[in-house]
Amino acid sequence: MSIIKKIATMKKLITLVLGVLLMSCSKEDSEKDIQSAPSKLSSITTNYYDNGYLPNNSSKLNFQNDKAIDCRFDDGKHTDYQYEGDLVSRIRDFDRAGNTIRTFFYKYDTEGKIITIKLEAIATNNIDIATFTFNFEYNNNEITATISEVGWNNDVFKFNLNQDNQIIKEECILLNGNPANNFLRANFTYANKNLSTFFDDTIANSPIKRTYVYNTIKNDFNYNKYLFGKHWKNNSCLNAFTSYRGGVRDNLHITSENLISESTFTQNNATTIKTYNYIFNTNNQISKEYIVTTNQAYSYSKELIYEYK
């Protein structure tokens, strides 16, 4: 049996079991929702399952007045959020002992578009600090990103946008101050304002291709909108860029018009498939989200539980 057929068979089995769970949960949730009539998002709990078991790495992202305020992890780590107005201005990560390990600082233009992200990462000795500054310039259908780090020359990247203000191309212009000959990092294609394919050749001799399928439900539920304002989609992409410098970015589909239902990741002749299922309450808000990941070597899932007050 081929790898793709094995994945498809595994996917069908997981989907069948998941369907039964969704039907049961949907009935229970609906009865509860009729009584509670929730309104504002108060938390998102994320549970990770491996072969049906719940490991000790769950997290709970808490909200207050339409803002993410902190995220608590079962292992003792946590993340805090600080705002200026309605836009996040600082995100700080802490280790289990309460020490700061990484801080992101954000600045925006008058329209609410990110213009600067400063990253301070503390080494394992809790003394040395590496500082990276990402500056973004907007010019019609282009965004230029300049990355500076003490002791190094600048890296420069360029993003091209389509008529819907979605990123369609990413190029590296300078690497450590040297011309990169517009080395192509990624191409993005869209259909009906939904990201349909993503091709990334950042890793030499090991390109990455992703394809996406969507349902008909509008993409109005992502929590990043509580962090990055009305331009949250592109702001979220640029924020992800600071973490990966244009490499593997797993959540680019959040810029799409509709909710994702499936994605396929292909690299080195290996294929990984993710399926997404949702349950909604009586106010048409997401109450549960299930993400199942399968390939020829493993299968695991992620459950997100949305609570409202």
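Below are the figures for this structure:
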item: Search result, residues across region 291-305 that are over 17 Å from the mean Cα position of the chain (by Cα) and assigned to a strand (DSSP E or B); result: Thr294, Ser299, Tyr300
item: When residues of region 32-69 are limited to those that are more than 18 Å from the chain's Cα centre (by Cα), at pLDDT 70 or above and under 11 Å from Glu307 (Cβ atoms), the one surrounded by the fewest Cβ atoms within 10 Å (Cβ to Cβ); result: Lys40
item: Search result, residues across region 74-93 that are surrounded by 16 or more Cβ atoms within 10 Å (Cβ to Cβ) and more than 21 Å from Tyr226 (Cα to Cα); result: Lys77
item: Scope region 209-233; condition assigned to a loop (DSSP other than H, G, I, E, B), open to solvent by 20 Å² or more (accessible area, probe 1.4 Å) and either under 27 Å from Phe183 (Cβ atoms) or in contact (Cβ under 8 Å) with a residue 24 or more places away in the chain (or both); matching residues; result: Phe221, Asn222, Tyr223, Asn224
item: Considering residues of region 277-290 that are in a strand (DSSP E or B) and open to solvent by 20 Å² or more (accessible area, probe 1.4 Å) only, the residue nearest to Asp50 (Cα to Cα); result: Tyr290
item: In region 105-115, residue nearest to Thr242 (Cα to Cα) [restricted to those that are surrounded by 14 or more Cβ atoms within 10 Å (Cβ to Cβ) and either in contact with a Ser or Thr (Cβ under 6 Å, 6 or more places away or on another chain) or among the hydroxyl-bearing types (Ser, Thr, Tyr) (or both)]; result: Tyr106
item: Residue, farthest from Thr131 (Cα to Cα), within region 147-188, restricted to residues that are crowded, with 16+ Cβ neighbours inside 10 Å and among the β-branched types (Val, Ile, Thr); result: Ile168
item: Unique residue being within 21 Å of Tyr48 (Cβ to Cβ) and open to solvent by less than 40 Å² (accessible area, probe 1.4 Å) when the list is Ser206, Ser243, Ser263, Ser236; result: Ser263
item: Qualifying residue in region 90-104 (condition: of a type in the set (Ser, Thr, Tyr), in contact with a Ser or Thr (Cβ under 8 Å, 6 or more places away or on another chain) and closer than 30 Å to Glu307 by Cβ); result: no
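The values are calculated or read from the model by the stated rules, or taken from the named source; none is laboratory data. From a predicted model like this one, the values you see are computed outputs, not experimental measurements. Cβ atoms come from the backbone with ideal geometry, glycine included; neighbour counts cover every protein chain shown. The protein model used for the area step is the full one, side chains on, heavy atoms only, and it has no ligands, DNA or RNA in it. Shrake-Rupley method; radii C 1.70, N 1.55, O 1.52, S 1.80 Å.
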